[in-house]
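Asker: Sharing a structure below in structure tokens format, with a few things to ask.
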Amino acid sequence: MIILIGLPGSGKSTVGRLLARRLQLPFVDSDSAIEQRLGCSIREFFEREGEARFRDVEQAVLDELTQGPPCVLSTGGGAVLRPANRQYLRERGQVFYLRSAPEEVFRRVQHDRSRPLLQVADPLQKLRELHAQRDPLYRETAHCVVETGRPSVASLVNWIAAKLELQPAPLNPAHASDASH
């Protein structure tokens, strides 16, 4: 199982779909799976039930998905907040952290109203806070860090695919490396 983690808007779904096609694996977006379970959008559930309740559902879905058949799994930006999720992801798959600067993410998502955590007065500041809080958790969970700054989506997919071909077995955490582009 190949798992993509990172900030909201870092390219997990876009890269994940192309990577899955390239590797001839199913693509699964954990947020879509959560919405199917909830019967409503994450934003609606978030507003109605709150973040803690959403994180409970997210944890249950991630536990199930990471025990399922091989796929490319794109996770929600906050999937790493709970220790249990970090453990499921790291132990059950090869985890790639798509690392993006908050300013880069902001340019991509500034007009996207579907992201509940970014519906605030200053979304760029919110992204900076999320990055400060979550970057250490993403790094702890990931077997490999992929800088998304300059390369095209196709370049990122090629890089991840090449990394997987070189190391078909789960990556040894002691040998995890950063990808510099």
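Asker: If I filter the range 38-59 for residues that are polar (S, T, N, Q), touching a Pro at 6+ places or on another chain (Cβ under 9 Å) and modelled with pLDDT of 95 or more, do I get at least one hit?
Answerer: no
Asker: Restricting attention to the range 65-79, which residues are within 13 Å of Arg92 (Cβ to Cβ) and either over 16 Å from the mean Cα position of the chain (by Cα) or modelled with pLDDT under 95 (or both)?
Answerer: Those that are within 13 Å of Arg92 (Cβ to Cβ) and either over 16 Å from the mean Cα position of the chain (by Cα) or modelled with pLDDT under 95 (or both): Gln67, Gly68, Pro69, Pro70.
Asker: Now, a different point. (1) open to solvent by less than 10 Å² (accessible area, probe 1.4 Å); (2) touching a helix residue (DSSP H, G or I) at 6+ places or on another chain (Cβ under 6 Å): which one isn't true of Phe45, the others all being true?
Answerer: The failed condition is (1).
Asker: While we're looking at this one, here's another question. Report, by residue number, each residue of the range 55-75 that is open to solvent by less than 10 Å² (accessible area, probe 1.4 Å) and out of contact with any strand residue (DSSP E or B) (no Cβ under 9 Å at 6 or more places or on another chain).
Answerer: Within the range 55-75, Glu58, Val61 qualify.
Asker: Related question: Filter the range 37-57 down to the residues that are assigned to a helix (DSSP H, G or I) and either aliphatic (A, V, I, L, M) or within 17 Å of Leu81 (Cα to Cα) (or both) and list them by number.
Answerer: The first filter runs over the range 37-57 and keeps only residues assigned to a helix (DSSP H, G or I), leaving 37-38, 42-49, 51-57.
Scanning the range 37-57 gives Leu38, Ile42, Phe46, Glu51, Ala52, Arg53, Phe54, Arg55, Asp56, Val57.
Asker: Determine whether the range 4-16 contains at least one residue that is surrounded by fewer than 16 Cβ atoms within 10 Å (Cβ to Cβ) and not hydroxyl-bearing (Ser, Thr, Tyr).
Answerer: Checked against the condition, which is being surrounded by fewer than 16 Cβ atoms within 10 Å (Cβ to Cβ) and not hydroxyl-bearing (Ser, Thr, Tyr), the range 4-16 yields no hits at all.
Asker: Now a separate question. Could you list, in sequence order, the residues of the range 148-157 that are touching a residue at least 40 places away in the same chain (Cβ under 8 Å), open to solvent by less than 50 Å² (accessible area, probe 1.4 Å) and either of a type in the set (Ser, Thr, Tyr) or under 15 Å from Ser100 (Cβ atoms) (or both)?
Answerer: First, pick out the residues of the range 148-157 that are touching a residue at least 40 places away in the same chain (Cβ under 8 Å): 148-149, 153-154, 156-157.
Okay, now just the ones that are also open to solvent by less than 50 Å² (accessible area, probe 1.4 Å), so 148-149, 156-157.
Answer for the range 148-157, where residues must be touching a residue at least 40 places away in the same chain (Cβ under 8 Å), open to solvent by less than 50 Å² (accessible area, probe 1.4 Å) and either of a type in the set (Ser, Thr, Tyr) or under 15 Å from Ser100 (Cβ atoms) (or both): Thr148, Gly149, Leu156.
Asker: Does the range 17-42 hold any residues that are over 19 Å from Tyr97 (Cα atoms) and open to solvent by less than 20 Å² (accessible area, probe 1.4 Å), and which are they?
Answerer: Of everything in the range 17-42, those that are over 19 Å from Tyr97 (Cα atoms) and open to solvent by less than 20 Å² (accessible area, probe 1.4 Å) turn out to be Ile34, Ile42.
Asker: Of the numbered conditions (1) more than 22 Å from Glu47 (Cα to Cα); (2) modelled with pLDDT of 80 or more, Arg82 satisfies every one except a single condition; which is it?
Answerer: The one condition Arg82 does not meet is (1).
Asker: Still on this structure: What tally of residues in the range 74-103 results from selecting those that are over 22 Å from Glu51 (Cα atoms), touching a residue at least 60 places away in the same chain (Cβ under 8 Å) and in a helix (DSSP H, G or I)? Don't jump to the end; show me each part of the working.
Answerer: If we filter the range 74-103 for residues that are over 22 Å from Glu51 (Cα atoms), which is where we start, we get 90-101, 103.
This time we only want the ones that are touching a residue at least 60 places away in the same chain (Cβ under 8 Å), so: 90, 92-100.
Restricting the remaining residues to those that are in a helix (DSSP H, G or I) gives 90, 92.
Going through the range 74-103 one residue at a time, the tally reaches 2.
Asker: I would also like to ask the following. What's the number of the condition Gly68 fails, among (1) closer than 29 Å to Ser152 by Cα; (2) outside any helix (DSSP H, G or I)?
Answerer: (1)
Asker: Right, another one. Any residue that is over 15 Å from Ser30 (Cα atoms), hydroxyl-bearing (Ser, Thr, Tyr) and surrounded by 18 or more Cβ atoms within 10 Å (Cβ to Cβ) - is there at least one of those in the range 78-95?
Answerer: So far as the range 78-95 goes, no, none of its residues is over 15 Å from Ser30 (Cα atoms), hydroxyl-bearing (Ser, Thr, Tyr) and surrounded by 18 or more Cβ atoms within 10 Å (Cβ to Cβ).
The values are calculated or read from the model by the stated rules, or taken from the named source; none is laboratory data. Because the structure is predicted, anything quoted here is derived from the model rather than measured. We place every Cβ from the backbone using ideal geometry, glycine too, and count neighbours over all the protein chains shown. These area figures cover heavy atoms from the full protein model, side chains too; ligands, DNA and RNA do not enter into them. Shrake-Rupley method; radii C 1.70, N 1.55, O 1.52, S 1.80 Å.
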